[in-house]
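These notes are about the structure you will find just below.
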Amino acid sequence: MHAISLQDYQILIGPVKDGWEAALANRTYSQYTVLVDENTREHCLPLISDLLPEARTQVIEIPSGEKHKNIRTCTKIWEDMLR
């Protein structure tokens, strides 16, 4: 697991099975947001869903593909997170 430390938080990068449980164990976030597309919802989300508190986890799904990597998609993500 590789950590990028920012002023107020860390971004953790690495395989899901290599340290996510330990990385999340000592966190007291009010909410978690997981960003997926239809493929990562099916194949990746099940690998971490048991690690996330169901009542405090928001899953935002966006369509897969390069054409959806744009400001409109970012706006949708921001709006969903603010709700």
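Structure data summary
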| quantity | calculated |
| --- | --- |
| The chain: antiparallel DSSP beta bridges as a percent of all, rounded to 5 | 45 |
| Of Glu66, Glu21, Glu54, the one that fluctuates the most in a GNM where the chain has Cα springs shorter than 10 Å | Glu66 |
| For Ser49, solvent-accessible area (1.4 Å; no DNA, RNA or ligand), Å² | 60 |
| Average accessible surface area per residue within the chain, 1.4 Å rolling probe, Å² | 79 |
| Rounded to 10°, Cα long-axis angle of helix 71-82 versus longest principal axis of the chain | 50 |
| Carbon plus sulfur fraction of accessible area for the chain, probe 1.4 Å, in percent | 54 |
| Helix-only CD estimate at 222 nm, as mean residue ellipticity for the chain, using -39500 (n - 2.57) per DSSP H run (n ≥ 4) | -8500 deg cm²/dmol |
| Segment 1-28 versus segment 36-83: alpha-carbon centroid distance in Å | 18 |
| Surface/4 of the Cα convex hull for segment 1-62, nm² | 4.6 |
| Over the chain, relative contact order from alpha-carbon pairs under 8 Å, at least 6 apart, % | 25 |
| Student exercise, segment 26-83 dipole from Lys, Arg, Asp, Glu Cβ charges, in Debye to nearest 20 | 260 |
| Placed amide H near Asp37: partners under 5 Å, 5+ positions off or other chain | Ile62 |
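The values are calculated or read from the model by the stated rules, or taken from the named source; none is laboratory data. Keep in mind that what you see is a predicted model, and the values were worked out from it rather than measured. Please note: Cβ atoms are built from the backbone with ideal geometry, for glycine as well, and neighbour counts cover all protein chains shown. All accessible areas refer to the heavy atoms of the entire protein, side chains included, with ligands and DNA or RNA removed. Shrake-Rupley method; radii C 1.70, N 1.55, O 1.52, S 1.80 Å.
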